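What follows is one structure encoded as structure tokens, with my remarks underneath.
Please treat every number below as a calculation from the coordinates, not as lab data. None of these values were measured; they are calculated from a predicted model. Glycine gets a Cβ as well: all are built from the backbone with ideal geometry, and neighbour counts include every protein chain shown.
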Amino acid sequence: MIDREQVLHVARLARLDLTKAEVERMASELSGVLDHIERIAELDLDDVEPTSHVVTIENVLRADDSRPSLARERALAGAPDATDSGFRVPSPAAAAAADGS
Amino acid sequence: MSELLDLSTAQAAQSVRAGDLSPAELLSAYREQAEADELGAFLWLPEEPLGVMGTAADAPLAGVPLAVKDIFCVEGVPTTAASRILEGYRPPYTATAVERLAAAGAPMLGKTNMDEFAMGSSNENSAYEPVRNPWSPDRVPGGSSGGSAAAVAGGLAPWSIGTDTGGSIRQPASLCGLVGLKPTYGAVSRYGMIAFASSLDQCGPITRDVTDAALLLRHLVAGGRDPCDSTSVDFPQEIELPSSEDLGGLRVGVVPELSDAATIDAGVKTVFDATLERIEELGGGVEQISLPHSEHGLSAYYVLAPAEASANLSRYDGVRFGLRSGDGDLLSLYERTRADGFGDEVKRRIMLGTYALSSGYYEAYYGRAQRVRTKIAEDFRAAFERVDLVVTPTSPSVAFRLGERTADPMAMYMSDYCTVPMSLAGLPAISIPAGLSEGLPVGFQITGPAFSENRLLAAAHALEQAIGFDSSPARGKAGAPAR
Amino acid sequence: MTTVTTTPTERAYEPVIGLEIHVQLRTQTKMFCGCALSFGDEPNTHTCPVCLGHPGTLPVPNAEAIHFALMIGLALECELAPRSIFHRKNYFYPDLPKGYQISQFDVPLSRSGRLGDVRVHRVHLEEDAAKLVHAGASGRIHGAEASVVDFNRGGTPLVEIVTEPDLSSPEQAGEWLRLLRATLKRLGVSDVNMDEGSLRCDANVSIRPAGTATLGTKTELKNMNSFRFLERGIAAEVTRQEQILRGGGEVEQETLHFDPQTGALSSLRSKEESHDYRYFPEPDLVPLAPTQAMLDRARAALPELPAARAERLERELGLPTDTARLLAFRSELGDFYESALGADGATDPATLASWVTVELVARLGDVDPVESPVSPEALAELVRLVSARSVSGSAAKEVLDAMAAGGGRPEAIVAERGLGLAGAGELEAIVDRAIEANPDAVEKVRAGTGKAMGAIVGAIMRETKGRADGGEVQRMVRERLGLG
Ligand SMILES: [Zn+2]
């Protein structure tokens, strides 16, 4: 079960602006899917290691050799709002400025 | 002309090599078909045919053009993953898979339609248009590689590549009467393949026959591991072109948890059982095995894949490429861009994945799903102690009608019931057409241990020869006439 | 037994401080792509599809960054994880192209280490964010302020070092950060330049009643980009927390920004914005399990570290603690010193150390002495001339001025400028003249007024232009006056 409030919270985390109708629909659809998923709660998985990867390799590394970078015009070519030198965005509000490290 | 289009790719390549056919002739024949596409299979065709003139007839793939799922980045060529959010995007680089096949002599014919970001089982989630099944135009071709499958089944392309996360190659191949192979995870580079769920995504061929699939796979893995993809590995052998005619000595396991599930349609089950008999006729031994956790595969999959997707799709933020909406502040730039750019199913999965990873829910959903994944992989390992191959139906049903399942996400998700366990375990699996039900193709799925592709292809080839399925919808027994 | 109750107003508090340091590694290329690292280049000239987060791109870790991170783990005496993995840390920000940062979470590269008397909680690897440059009001975005993102820095290999809360004063925090900086510099793994952001420091600060073991609510001070700001910021925050507790209030857990201009602390995060980073294992990368060869290589690359060097200089050469630390923390000075010491085995280590850390530093400032015209051999020679009383201390300083300006050997400069100590005959004549010229002072000296001696010696030193040893001159004057 996931309620309207949770949908709104998750939508904010995911940066999705949902309409009122979408919020209602999402709550009912996701609840349906979660009902099915929650059947795994019945399994005894206490001593089972989690798998995040099926490949068993380790230490795949790259030598510290530089490769040509993109020309700036190409880097900026697809940007919806570019200046001569960079990607323009609305300034973040001070409140969010410390997000992350 | 139509004779030319009937050639399997291996046959066409042979004609090219024999000098009976030029790559340019072949390309223009297919291009003409692709331009007349009424299936919605292609999202993009080049103004001018690409690169084929430079393709030497003696290149291994002899200039036979390739339909490429629009999930693969190709430098300078529109690449959208069938999403509005990437409308107009032209990548500054090319996917390794596309590059390798082009280098082996298979130039790109065009970009094929798909479910947005590979999320779907019917191709109805394309932001551009749905794709129709060449066997019956009011039915879906399956998904997410529906455009690739429809293009090949409809004779618009000789062969194609798609991607498979939980069944997105095998299920459309099944619904369109084609061969679809999902290689072992890590066998084919994911570099340049737009990510849906990184720990599951694999590129593979969708073709008219098993030999064509082997040929494409051979050149996808031939270059060895891709230094641009940390999770790619060297394939331990060369991929052989299959010639096997029997299954002598092969032990084949049947999984009641998958093949006897209530979700499997009776017609599908009938074809499946008939195929088991064929296996025995060909000298294979059929025995029952158990994959006790496989019935939970779908639950684990619909936690893990959306979780990874929720992060993979965060880069679509209206800053560096693609669509931008919003009314001036940063939050609305993010929220409006993503609200306008993503379709319903993509939003649903981003929400599901974000929820499953969020504080307080991680262990109950993501953590548990990862453990189920471990159990499923262990089940397969145990099974392969006893048998050489595991077989199941590919799709619980034949192609369903457009619109039939769009209102019920869970019903749609059930399409992947038989295909997700192999994805979770990272195993190779091939779907081959095994017969018809209601006049529509039914797929048969064969799975083996990791890197057993040669074994899979050999068995699939022997069965294919015995079944003698005609992949042309026009001639398919009782099949709906192609338009 | 009487119980003494103290009110919050009277109670003494002690700060509990932990540091979180971000260190940009000095590799050739970025953490996960082949773009060259750069500082100060034109914006967005060091980017590629990978570090711009283009669809379909994948990260491949830089082996040298791993090597540097292992060196740091070893230098900080950490336990290295036999197997560590990368996670995705999810949040939206324009300087974060993928919408997540690849970092390490519950299985970092190394943990449980120590530097000096501070325990190191963990050391992990991650990628740096890009740079947001404020661009003023934008024409396009109606009325709003705009920023421009420069992705040159995005993806720079970053090591995060987190200490245990073992520091108990702002000064101690500053001193420890200097030791860490010297250590990293000695390892050669980073430019450790706080101005340029290759070394950045956050501090976790709380206070508790002095002498207790309780932990108060901590606040996080972000990005103090100099040692001075770090110390001032922590001091301001400690004062702020004391005032809150003394007033009967409670400290709130929050992230603060210290403004060095005004000395003010301001809250950085609004409350309604919840932070849920949704960490999960990065599926695009495989685990990192340092092999014996990787560990051996990292171990072999470790030089003698500043803390050990300071201890050795003090123990083996008898240098004062402060001098030993200065030589160890500025390893270029230590290297210069030890090579000068080796050039002339007869030089007194403490005298030479003082010439390096006081006189040479006064002339060179922050310049690496190797880059200066003064060679270690030349400085050793100069100190030997002083010890042998061939040149006076003040004349030697003049010689060093000349060496710092234009190089050269001390003996040549002394000869050329006539700075050698005046010979005995010459000096006797000068002493006699001085005694004659200062009868009043002579009288006072005879009468036992020691201070008057200064006037006579001063006159002699003036006449010899410093080419005489003060003690020797005094001895000669006394002898002449029959005071023996
Ligand atoms: Zn780059």
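Worth pointing out:
- Ratio of the Cα radius of gyration of segment C:1-120 to 2.2 N^0.38 Å, where N counts its residues: 1.56
- Degrees separating the helix C:306-317 axis from the principal Cα axis of chain C, which is the longest one: 20 degrees
- Cα gyration tensor, segment C:324-440 - rounded (a/c under 1.5), prolate or oblate: prolate
- Where only alpha carbons of segment C:185-242 are counted, the Rg and the Dmax (Å): 14.4, 41
- As a calculated quantity, the FRET efficiency between residue B:36 and residue B:401 at R0 = 30 Å, using C-beta atoms, amounts to about 0.80.
- Only helices enter this figure: runs of n ≥ 4 DSSP H residues, each worth -39500 (n - 2.57), summed and divided by the residues of the protein assembly as shown, yield -11000 deg cm²/dmol at 222 nm to the nearest 500.
- Segment C:189-272: trypsin sites (Lys or Arg not before Pro) in DSSP coil with no more than 13 other Cβ atoms inside 10 Å: C:271
- Rounded to 0.05, the FRET efficiency of the residue C:429 and residue C:372 pair, given R0 = 60 Å and the Cβ-Cβ distance, is 0.90.
- For segment C:150-270, the spread of Cα positions along the three principal axes, ordered from largest to smallest, is 47, 33, 23 Å.
- Dipole of chain A computed with +1 at Lys/Arg Cβ and -1 at Asp/Glu Cβ about the Cα centre; of A:56, A:13, A:77, farthest Cα towards the positive end is A:77.
- Inter-centroid distance (Cα atoms) of segment C:358-427 relative to segment B:185-256, Å: 76 Å
- Here each label is just a point 7 Å from Cα along the line to Cβ, and for residue C:133 and residue A:66 those points are 1.9 nm apart.
- Degrees separating the helix A:20-37 axis from the principal Cα axis of chain A, which is the longest one: 60 degrees
- All C-alpha to C-alpha distances of the protein assembly as shown, sorted into 20 Å bins beginning at zero, yield P(r) values of 12, 35, 27, 15, 7, 3, 1 percent in whole numbers.
- Cα-based equivalent ellipsoid of segment C:13-298: semi-axis lengths in Å, sorted from largest, via gyration tensor: 31, 26, 17
- The local environment of residue B:253, defined by Cβ-Cβ distances under 14 Å, has a net charge of -3 under the rule Lys, Arg +1 and Asp, Glu -1.
- Of the Cα atoms belonging to chain B, the radius of gyration and Dmax stand at 20.8, 69 Å.
- Ascending count of other beta-carbon atoms within 10 Å, so fewest first, for C:33, B:418, B:203: C:33, B:203, B:418
- Theoretical FRET efficiency, 1/(1+(r/R0)^6), r = Cβ-Cβ of residue C:388 and residue C:302, R0 30 Å, to 0.05: 0.15
- Footprinting exposure proxy ranking of C:98, C:89, B:182, fewest other C-beta atoms within 10 angstrom first, gives C:89, C:98, B:182.
- Residues considered: A:62, A:74, A:25. Largest GNM mean-square fluctuation over chain A, using C-alpha springs under 10 Å, is found at A:74.
- Note on residue C:354 and residue C:246: their simple-model spin labels are 4.4 nm apart, each label 7 Å out from Cα toward Cβ.
- 26 Å Cα-Cα threshold exceeded, pairs from C:131/C:222; C:30/C:218; B:111/C:131: C:30/C:218; B:111/C:131
- Pairs exceeding a 21 Å alpha-carbon distance, out of B:69/B:182; A:20/B:347; C:397/C:444: C:397/C:444.
- The calculated P(r) of chain C, using every Cα pair and 10 Å bins from 0, goes 4, 15, 20, 20, 15, 11, 9, 5, 2, 0 in percent.
- Charged neighbours of residue B:26, selected by a Cβ distance under 13 Å, balance to -3 (K, R count +1; D, E count -1).
- Here the simple spin-label model places points 7 Å from the Cα toward Cβ, and for residue C:443 and residue B:58 these points are separated by 12.0 nm.
- Cα centroid separation, segment C:220-260 to segment B:262-319: 57 Å.
- With K and R counted +1 and D and E -1, the other residues having a Cβ less than 13 Å from that of residue B:7 yield a net charge of -4.
- Length added when fully stretched, residue C:292-residue C:228, from 0.36 nm per residue minus Cα-Cα: 18.9 nm
- Whole-Å semi-axes of segment B:46-193's equivalent ellipsoid (Cα gyration tensor): 23, 17, 15
- Couplings 3J(HN,Hα) of segment C:429-446, computed from phi: 4, 5, 4, 4, 4, 5, 5, 5, 7, 10, x, 4, 4, 4, 4, 5, 4, 4 Hz, in residue order, whole Hz [Karplus 6.51 cos²θ - 1.76 cosθ + 1.60, θ = phi - 60°; x for Gly and Pro].
- Exposure proxy ranking, count of Cβ atoms within 10 Å, fewest first, for B:264, C:17: B:264, C:17
- Amide H contacts for residue A:91 (H built 1.01 Å from N in the peptide plane; partners 5 or more residues away or on another chain; cut-off under 5 Å): C:145, C:146, C:147.
- Figure legend: label point modelled 7 angstrom from the Cα of residue B:327 along Cα→Cβ; residues of segment A:9-39 with amide N under 16 Å from it are A:17-20.
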